[in-house]
Amino acid sequence: MKIVGITACPTGIAHTYMAQEALEEAGRKRGHEIKLETQGAMGAENEITEDEVETADVVLIAVGCAVEGMERFEDKIVVEIDVADAIKNPQAAIMKLEEAVK
Amino acid sequence: MFDQQLTFVKKQFQTKMEAIDFLIQKAIESKKVIGGEAYKQSVCQREEEFSTAVGYDIAIPHGSSQDVQESFVAVATLEAPLHWGDELVKMIFLIGVPENKRTKEHLQILAWLSRNLMHQEFREDILHAENEQQLFNCLKKLETEKGD
């Protein structure tokens, strides 16, 4: 399936990027296409396009704070998880997404 | 960004606060932080919000405050695993970022370090460093790669 989403944390220095890396790797390992936008201290990077949202099967929000641009996902299946849980157990997060689209 | 004076191998600490205090003291000695009260408060507040033991044997205490002069990472590998909240850690990365004088380049290096910590190969290089020089070399190469 195709996954898009956002990672973010309060200081935007470390967790944001660890979560992105861990989730993208876990997602690819399970055969999914995955792209995660980071909203960190450098602002939004690896931004998801409208087209990518349109074609995504599910949206993953792995955050520890408020994020911007949630209105982009209004009509989508959205799964929210804690950013720290995403880092510790990215496989479980990806499996939760698989469950959500069943 | 990285500084060989801020890399330590096979250290022994009894508690997480002892480890944090030691690394902050070293950051003060190497002039990355002046004073350090505000920085320590910022780090401790972050720990209270949630523990920075992220799994993978790693803790990344971090803070951002005005007394940080330049972004830095102080790194210690441990002789024996240390309790950090509910987790056990073998590597500590203490990160400091200035409140106002942030540079994009430093933030990019920190992001790249964070991503690399998710890779087993990189963690093993860090853990297997026999001395400060080897540990410093593992970190130094991040500055040239930077994820580009």
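Just a few scattered comments:
- For segment B:54-61, the criterion of being closer than 19 Å to residue B:5 by Cα, more than 14 Å from chain A (Cβ to nearest Cβ) and either within 13 Å of the chain's Cα centre (by Cα) or in a loop (DSSP other than H, G, I, E, B) (or both) is satisfied by no residue at all.
- Residue B:102 meets each of the listed conditions (1) part of a helix (DSSP H, G or I); (2) farther than 23 Å from residue A:88 by Cβ apart from (1).
- Residues that are surrounded by 12 or more Cβ atoms within 10 Å (Cβ to Cβ) and not hydrophobic (A, V, I, L, M, F, W, C) within segment B:116-130 comprise B:116, B:119, B:123, B:125, B:128, listed in sequence order.
- Residue list for segment B:29-48, filter: buried (at least 16 other Cβ atoms within 10 Å of the Cβ), in a helix (DSSP H, G or I), more than 13 Å from the chain's Cα centre (by Cα) and not small (Gly, Ala, Ser): B:39, B:40, B:46, B:47
- Test: residue in segment B:67-81 that is more than 15 Å from residue B:2 (Cα to Cα), within 13 Å of another protein chain (Cβ to nearest Cβ) and not in a loop (DSSP other than H, G, I, E, B): no
- Among the residues of segment B:4-41, those that are polar (S, T, N, Q) and either at pLDDT below 95 or in contact with a helix residue (DSSP H, G or I) (Cβ under 8 Å, 6 or more places away or on another chain) (or both) comprise B:4, B:5, B:7, B:30.
- Qualifying residue in segment B:108-127 (condition: outside any helix (DSSP H, G or I), more than 24 Å from residue A:84 (Cβ to Cβ) and in contact (Cβ under 8 Å) with a residue 24 or more places away in the chain): no
- Looking across segment A:44-80, the residues that are surrounded by 19 or more Cβ atoms within 10 Å (Cβ to Cβ) and within 14 Å of chain B (Cβ to nearest Cβ) come down to A:62, A:63, A:64.
- Looking across segment B:82-111 at every residue that is over 19 Å from residue B:11 (Cβ atoms) and of a type in the set (Val, Ile, Thr), the one that is surrounded by the fewest Cβ atoms within 10 Å (Cβ to Cβ) is identified as B:103.
- Number of residues in segment A:7-38 that are within 15 Å of the chain's Cα centre (by Cα) and either facing chain B (nearest Cβ under 8 Å) or farther than 22 Å from residue A:91 by Cα (or both): the value is 10.
The values are calculated or read from the model by the stated rules, or taken from the named source; none is laboratory data. Since this is a predicted model, take the numbers as computed values, not measurements. All Cβ positions, glycine included, derive from the backbone under ideal geometry; neighbour counts span all protein chains shown.
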